[in-house]
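Each reported figure results from applying straightforward, stated rules to the coordinates on display, with no laboratory input. A quick note: this is a predicted structure, and the numbers were derived from the prediction, not measured. Here Cβ is always computed from backbone atoms with ideal geometry, including for glycine, and neighbour counts include all displayed protein chains.
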Ligand SMILES: NC(=O)c1ccc[n+]([C@@H]2O[C@H](COP(=O)([O-])OP(=O)(O)OC[C@H]3O[C@@H](n4cnc5c(N)ncnc54)[C@H](O)[C@@H]3O)[C@@H](O)[C@H]2O)c1
Ligand SMILES: O=C(O)C[C@H](O)C(=O)O
């Protein structure tokens, strides 16, 4: 008989909006499967522990059969113990009037401290997904402070942008979402990202990119780039249901593997698409199962795309340099 599969999964920022949508996806088995039992470890800051307690009570009341135990608290060295998977949702939010630099300053401190705790107490095979913004730079900082865990175990979330791009193409071409494949989001999870529809397919046939080039080089890109801001404008809060869904999709496909071309932000090593090393950059990837992924190399990069990739690379380089000043 196979031994029971058990994962210890930590979620930071668990008292927040995304946490509230993400916990049921993970705990119900939608993320890792119905045959994987879970120890849930939930972290938030000290002032939010009472709220987190309420979230824990609700999670208990869902009576999820897969959940073996739940622990919660505000000390990363306690909560990160033996973690197999870390989902980093908690961070300092951008407040009115804050510059990007202020946001990076605040989050560098958090991700340095959490990286050190992860390094000390998590499983050395721990797999990481960073959601909290600035997600790519937070992920880079986390990994730099966590030398015991291999670099390929660190990812940041551009899956929401990827899923947004799929949806825009389905709407534009009046296709079913399940028929649209092979979009790519390059670069940063920010308004400089480059959503690239050149290789997209519908029911296995190439998208008519050339026939609608003005749209795919124009409104398509800006709609996906600005979708997060449009949701904040409409809802008064940043995306949380769709962000939690994307986090779950990212982890599901990373764990189980997928036939699809997906977008994941990973730590660059300088060998893919002339992107510098030492950045957390979103690439087209193939997930091969058991938390393994490979960059899909060899796609043609035309002048238009290179220009877009350079813009987002420059932003990531600037963010990294700002972070390193701390
Ligand atoms: N990558 C993406 O696609 C994507 C999409 C949507 C939102 N986001 C980002 O995800 C993050 C969370 O969004 P939300 O809507 O859940 O925000 P939220 O403000 O509702 O929740 C964030 C939670 O994090 C907690 N927190 C703050 N500092 C912490 C720390 N040091 N340790 C642990 N917890 C801490 C807060 O107390 C709060 O409970 C934000 O940074 C947001 O910008 C990313
Ligand atoms: O929180 C934000 O700034 C937006 C969020 O990252 C999103 O893409 O919805």
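Data table
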| read-out | value |
| --- | --- |
| Added length on full extension, which subtracts the Cα-Cα distance from 0.36 nm per residue, residue 109 to residue 36 | 22.9 nm |
| Value of [θ]222 nm, deg cm²/dmol, for the chain, DSSP H segments ≥ 4, -39500 (n - 2.57) each, nearest 500 | -13000 deg cm²/dmol |
| Extension gain, residue 82 back to residue 28 (0.36 nm per residue minus Cα-Cα distance, nm) | 17.3 nm |
| Ordering of 281-289, 315-323, 61-69 by burial proxy (mean other Cβ atoms within 10 Å per residue, highest first) | 281-289, 315-323, 61-69 |
| The stretch 292-318 versus the stretch 186-236: alpha-carbon centroid distance in Å | 15 Å |
| Point-to-point label distance, residue 5-residue 214, nm (Cα→Cβ direction, 7 Å offset) | 4.9 nm |
| Nearest-0.05 FRET efficiency for residue 234 and residue 170, computed from C-beta distance (R0 22 Å) | 0.60 |
| Point-to-point label distance, residue 222-residue 299, nm (Cα→Cβ direction, 7 Å offset) | 2.3 nm |
| Crossing angle, helix 135-144 versus the chain [Cα axis fit, 0-90 degrees, rounded to tens] | 60 degrees |
| Residue list for the stretch 240-262, given a label point 7 angstrom along the Cα-to-Cβ vector of residue 290 and an amide N cut-off under 18 Å | 252-259 |
| Cα-Cα P(r), the chain, percent of pairs per 10 Å interval | 6, 27, 36, 23, 8, 1 |
| Among 276, 196, 300: highest mean-square fluctuation, GNM of the chain, C-alpha pairs under 10 Å | 300 |
| The stretch 159-325: relative contact order as a whole-number percent, Cα under 8 Å and 6+ apart | 25 percent |
| Angle in degrees between helix 159-173 and the longest Cα principal axis of the chain, rounded to the nearest 10 | 40 degrees |
| Bins of 5 Å, starting at 0 and running to the largest distance - Cα pair percent for the stretch 1-53 | 5, 19, 27, 20, 14, 8, 4, 2, 1, 0 |
| Between helix 100-121 and the chain: long-axis angle, C-alpha atoms, 0 to 90°, nearest 10 | 50 degrees |
